[in-house]
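A short write-up of the structure that comes next.
The values are calculated or read from the model by the stated rules, or taken from the named source; none is laboratory data. Quantities reported herein were computed from a predicted structural model and do not represent experimental measurements. Glycine gets a Cβ as well: all are built from the backbone with ideal geometry, and neighbour counts include every protein chain shown.
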Amino acid sequence: MLYNFKEIEEKWQRFWQEKSIFKAGYSPEKKKFYCLEMFPYPSGKIHMGHVRNYTIGDVYSRYQRLKGREVLHPMGFDAFGQPAENAAIKNQTKPDAWTHGCIDWMKVELKKMGFSYDWDRELSTCDSSYYRWNQWIFLKMFERGLAYKKASGVNWCPSCSTTLANEEVIEGECWRCHSQVEQKELEQWYLRISEYKERLLEDLKQLDKWPQRVIAMQNNWIGKSQGTEIYFRLKDNDKLITVFTTRPDTIFGATYVVLAPEHPLVKEIIKGKPQEKEALAFIEKVAKESKISRVKEDVKKEGVWTGAYCVNPVNQEVIPVWIADYVLMEYGTGAIMAVPTHDQRDFLFAREHNLPMKIVIKSPQSTVHSPQEMIEAYEGEGVQVNSGEFDGLANQEAKIKISQWMDKNSMGKIVTHWRLRDWLISRQRYWGTPIPIIYCPKCGVVPVPYAALPVELPEDAPFTGEGGSPLGKVKEFVDVLCPECGEKARRETDTMATFFDSSWYFLRFCSPKNENNPFDLQEAKYWMPVDQYIGGIEHAILHLLYSRFFTKFFQDLGMIDFNEPFKSLLTQGMVLKDGEVMSKSRGNIVDPDSIIQKCGADTLRLFILFAAPPETELEWDDRGIEGAFKFLNRLWRIQDNLKEKADLQVYRALHKAIKKVSDDIESFKFNTAIASLMELVNVIYQSGADKEVFSKLVLLISPIAPHFSEELWHGLGNKESILNAAWPEYDSSLLVEENIAVVVQVNGKVRGTVIVNKDIAEEDLKKACQEEPAVRKWIEDKPVRKIIIVPGKLVNIVI
RNA sequence: GGGCAAGUGGUGGAAUGGCAUACACGACAGACUUAAAAUCUGUUGGCUGCAAGGUCGUGAGGGUUCGACUCCCUCCUUGCCCACCA
């Protein structure tokens, strides 16, 4: 007989909802636990990735609840973004209606999984009660100079007339209309995250419960590197070209200088020179290419001579100034010194254009004497040559000496370089938070007053998907009176990037209905920081970095007194089918709902936790689902055959399982926690269980299969929810066996086992081992050199 | 090119430096059944052997150790992240 999962799951979901059992209350007398899973984008259906993410969080939340914590476990929707606009165009509907329809449907599905969310705290970033606080935060940042507008090069689709994020440019073309993407100078809003770079880097050290690789990625992204800026004087007009290098030891080998085509000095340098026309043509050509295609590997590096020369400050050599596409304005100073002998890109470029080369670092093994013999640049370690007074030094030492020498003699400067750029948040999109700024012909850029928030999205913007910001076409939205002078003015029509919305939602969950502040200070003080955050590795950089940035900003506003939002982070692996990521385009999606129909949510939860540890990839297996379902049924049947009193060995097995399951859940090893429950069930099938053993078994599996356990719990005569019970404790005296099996090795190979009393004296143990016949045979009369004893486990006899 | 993971039976996966393959799936066998399903009980790394046993075995090769899936070095493969990064 199979248990009736359908009836049971519906019944307890209703029960939990009626009793408001997951409601989180501000209870300072109790220890709190804030468990958060990354909120979903409401695309309509939940997929296996969501199921995995949220099941992990749910088990952990329920476990913490049973351990007596006041648990905050909220859920909401990251509801702004482009897919809603696309869907609206496609389905002839409005993004608002489409999004809310998706949210409603996803909520039904999430509830079917039995997740323990406090739905009273639900939030949606597309509601003005939420996004007004985005605008509030933006204004606070604007006041402090952290939100600013500047012109810079961005990806631009001429046919859609909108900017594109790098991810939206596919092989140099617009992802929607396939036009060639261009680079364009545009005025856009930025957040000055670079102001926080030191703290964002330094505080990574506090995050000892984050995965190492996420820390590494953040480190990498912030990208602090030590280097040297070197000044090359232009021969014509004494102006300086500043180059950035991490290899000052190669400065004596610099044979030309290269500027990025966009470099501000370029136009000045080429003016009036015979090379001007060719150079301008080249600059234009590069400008037309998108960053993406320019950055593609195998593309040949192209460049032209400017006609100008500059002077190497260390040896007064006069060398030519080039422009080339392989030098990027965004990195360093937008100018490099080229050392063809010791940099592969410079090497290829110099070969191509017949530029001179000079060896300045020699590897000890090298037989190469002139640059003409080289087939590639030598980028390794070596000894300085052709480097004036530094000849003979190891290049690593020279690196330091030369940069110090240049710094002292004003030829250059030791600098720290950061890879982190300011964050471009302007989007020419409709479905996002309007940026609360007004442009007044008289007063200039004027922030919307706090009292006038929210700046609401107009409901009926023209939606075609073509050409510019839809908000710009809504006259009632754009036309506004200047808050300062009262004259006619115009609103900003760009909206914010959606990463803005998700950079602080965890704070809003502490008091989602607060109307005076983005969050209640006292509530936030109690609940924050998030004790456990769980989500996909794809957010390892941007979302987590932005959230850390916002947290530090709130700290600076004096609204919170901690500097990191997420104490512990778990990044769950992807769900695969036949070795590939589940996706619509591959057509290998397994719909969670179909599994719930067939075997129930508890089976799905059990399988997804059992199939792999949470951080690794999970291979979907329909037969594994059946196995999980069988196990629940096997456990279910125990209730019909309870004994008066179970055997001692069953109690031992129970307490062993209590310890193992507790330890494993704490450290997210759900798969082995379940394995130990299976072992316990196997023991019970051999020897029988009593009511006490069974009750504790039901408690142990309750975070994993909550409906199932709630039903069994009530079947055992309990009147209250299992969630109000206490997590079982183990009796450590039951974990120790009187007689233990000790493995005996001879020269490291297992040759036998002896059963001895746990308190046996060392000498007696040694004797017992040597007398064991299976061991004796291997020792014979050879002299025993040494005996190694691992207490309670193993004896190794070395002969 | 740089950084980080990972590599164990037919499969998913276990193993604080101490019995490699727990637990499960699959397969095979037995019990129950007129029969099947379900359920329960066994067997299940390779080679060798009638058997007891022996021997090999955690991507490859070295090293440390009484003892290595685990630690160190070199390499191979796969995955992820970053990258014309100067």
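Let's see how each residue does on (1) acidic (D, E); (2) within 17 Å of A:Y63 (Cβ to Cβ):
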{"site": "A:D647", "(1), (2)": "yes, no"}
{"site": "A:L654", "(1), (2)": "no, no"}
{"site": "A:A657", "(1), (2)": "no, yes"}
{"site": "A:I665", "(1), (2)": "no, yes"}
{"site": "A:F668", "(1), (2)": "no, yes"}
{"site": "A:L677", "(1), (2)": "no, yes"}
{"site": "A:D690", "(1), (2)": "yes, no"}
{"site": "A:L697", "(1), (2)": "no, yes"}
{"site": "A:G715", "(1), (2)": "no, no"}
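Quick one: would you say A:L609 is crowded, with 22+ Cβ neighbours inside 10 Å and under 16 Å from A:L734 (Cβ atoms)? Judged against the criteria, A:L609 is not a match. Candidates in the range A:491-503 are the residues that are at pLDDT below 95 and in a strand (DSSP E or B); of these, the one that is farthest from A:K140 (Cα to Cα) is A:T495. In summary, helices (runs of 4 or more DSSP H) completely within the range A:621-732 and bearing 1 or more residues that are near RNA strand B (Cβ under 9 Å from one of its atoms) occur at A:622-637, A:648-666, A:670-687. Just one of the listed residues (A:E85, A:E109) is acidic (D, E) and under 20 Å from A:A601 (Cα atoms), and it is A:E109.
Residue check: A:I215 meets all listed conditions (1) within 12 Å of RNA strand B (Cβ to nearest atom); (2) more than 15 Å from A:L545 (Cα to Cα); (3) of a type in the set (A, V, I, L, M) but one, namely (2).
Are any of the residues in the range A:400-408 under 38 Å from the mean Cα position of the chain (by Cα) and either polar (S, T, N, Q) or at pLDDT 95 or above (or both)? Within the range A:400-408, one or more residues are under 38 Å from the mean Cα position of the chain (by Cα) and either polar (S, T, N, Q) or at pLDDT 95 or above (or both).
Could you tell me whether any residue of the range A:406-423 is within 30 Å of A:K94 (Cβ to Cβ) and out of contact with any Gly (no Cβ under 9 Å at 6 or more places or on another chain)?
Among the residues of the range A:406-423, at least one is within 30 Å of A:K94 (Cβ to Cβ) and out of contact with any Gly (no Cβ under 9 Å at 6 or more places or on another chain), which makes the answer yes.
Remark: pairs (first residue in the range A:631-655, farther than 24 Å from A:S732 by Cα and of a type in the set (F, W, Y); second residue away from RNA strand B (no atom under 15 Å from the Cβ) and not in a loop (DSSP other than H, G, I, E, B); Cβ separation under 8 Å; 6+ apart in sequence or on different chains) = A:W636/A:F708; A:W636/A:L712. Just checking, does the range A:100-116 include any residue being of a type in the set (S, T, Y) and more than 22 Å from A:L723 (Cβ to Cβ)? Among the residues of the range A:100-116, not one is of a type in the set (S, T, Y) and more than 22 Å from A:L723 (Cβ to Cβ), which makes the answer no. Taken over the range A:651-680, the criterion of being surrounded by 20 or more Cβ atoms within 10 Å (Cβ to Cβ) and either on the phi > 0 side of the Ramachandran plot or aliphatic (A, V, I, L, M) (or both) is satisfied by A:A653, A:L654, A:A657, A:I658, A:V661, A:I665, A:F668, A:A673, A:I674, A:L677, A:L680.
For the range A:221-277, the set of residues classified as surrounded by fewer than 18 Cβ atoms within 10 Å (Cβ to Cβ) and among the hydroxyl-bearing types (S, T, Y) consists of A:S225, A:Y231, A:T242, A:T246, listed by residue number. Selection within the range A:768-796: residues that are assigned to a helix (DSSP H, G or I) and either among the polar types (S, T, N, Q) or loosely packed, with under 13 Cβ neighbours inside 10 Å (or both). The member of this set that is farthest from RNA strand B (Cβ to nearest atom) is A:E771. A search for C-beta distances below 9 Å between a residue of the range A:381-406 that is in contact (Cβ under 8 Å) with a residue 40 or more places away in the chain and any residue that is of a type in the set (K, R), counting only pairs 6+ apart in sequence or on different chains, returns A:Q384/A:K362; A:N386/A:K358; A:F390/A:K401; A:N395/A:R247; A:K399/A:R247; A:S403/A:K413; A:M406/A:K413. If you filter the range A:94-144 down to residues that are assigned to a helix (DSSP H, G or I), among the β-branched types (V, I, T) and within 27 Å of the chain's Cα centre (by Cα), you find that the one that is surrounded by the fewest Cβ atoms within 10 Å (Cβ to Cβ) is A:I103. When A:L457, A:L471 are screened for being buried (at least 19 other Cβ atoms within 10 Å of the Cβ) and part of a loop (DSSP other than H, G, I, E, B), only A:L457 passes.
Among the residues of the range A:9-53, just one is more than 16 Å from RNA strand B (Cβ to nearest atom), β-branched (V, I, T) and either in a strand (DSSP E or B) or crowded, with 19+ Cβ neighbours inside 10 Å (or both), namely A:I46.
Here's the yes/no breakdown for (1) more than 20 Å from A:Q135 (Cβ to Cβ); (2) in a loop (DSSP other than H, G, I, E, B):
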{"site": "A:F519", "(1), (2)": "no, yes"}
{"site": "A:Q522", "(1), (2)": "yes, no"}
{"site": "A:G535", "(1), (2)": "yes, no"}
{"site": "A:L544", "(1), (2)": "yes, no"}
{"site": "A:F554", "(1), (2)": "no, no"}
{"site": "A:D561", "(1), (2)": "yes, yes"}
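Within the range A:429-445, the set of residues being buried (at least 20 other Cβ atoms within 10 Å of the Cβ) and within 24 Å of A:P483 (Cα to Cα) comprises A:Y430, A:G432, A:T433, A:P434, A:I435, A:P436, A:I437, A:I438. When you scan the range A:586-601, do you find a residue that is surrounded by fewer than 16 Cβ atoms within 10 Å (Cβ to Cβ), within 14 Å of RNA strand B (Cβ to nearest atom) and under 25 Å from the mean Cα position of the chain (by Cα), even just one? So far as the range A:586-601 goes, yes, one or more of its residues are surrounded by fewer than 16 Cβ atoms within 10 Å (Cβ to Cβ), within 14 Å of RNA strand B (Cβ to nearest atom) and under 25 Å from the mean Cα position of the chain (by Cα).
Table: residues versus (1) closer than 30 Å to A:L191 by Cβ; (2) out of contact with any His (no Cβ under 7 Å at 6 or more places or on another chain).
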position	(1), (2)
A:Y378	no, no
A:G382	no, yes
A:E389	no, yes
A:Q396	no, yes
A:W405	no, yes
A:K408	no, yes
A:W418	yes, yes
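Out of A:I230, A:I269, one residue alone is within 14 Å of RNA strand B (Cβ to nearest atom), in contact (Cβ under 8 Å) with a residue 40 or more places away in the chain and more than 36 Å from the chain's Cα centre (by Cα). It is A:I230. Counting only residues that are surrounded by fewer than 16 Cβ atoms within 10 Å (Cβ to Cβ) and in a loop (DSSP other than H, G, I, E, B), the range A:400-416 holds 2 of them.
Among the residues that make up the range A:504-514, is at least one of them away from RNA strand B (no atom under 16 Å from the Cβ), part of a helix (DSSP H, G or I), of a type in the set (A, V, I, L, M, F, W, C) and under 20 Å from A:H50 (Cα atoms)? Yes, the range A:504-514 has at least one match. Which members of the range A:323-380 meet the condition of being more than 9 Å from RNA strand B (Cβ to nearest atom), assigned to a loop (DSSP other than H, G, I, E, B) and in contact with a helix residue (DSSP H, G or I) (Cβ under 8 Å, 6 or more places away or on another chain)? A:L355, A:P356, A:M357, A:K358, A:I359, A:V360, A:M374, A:E376, A:A377, A:Y378, listed by residue number.
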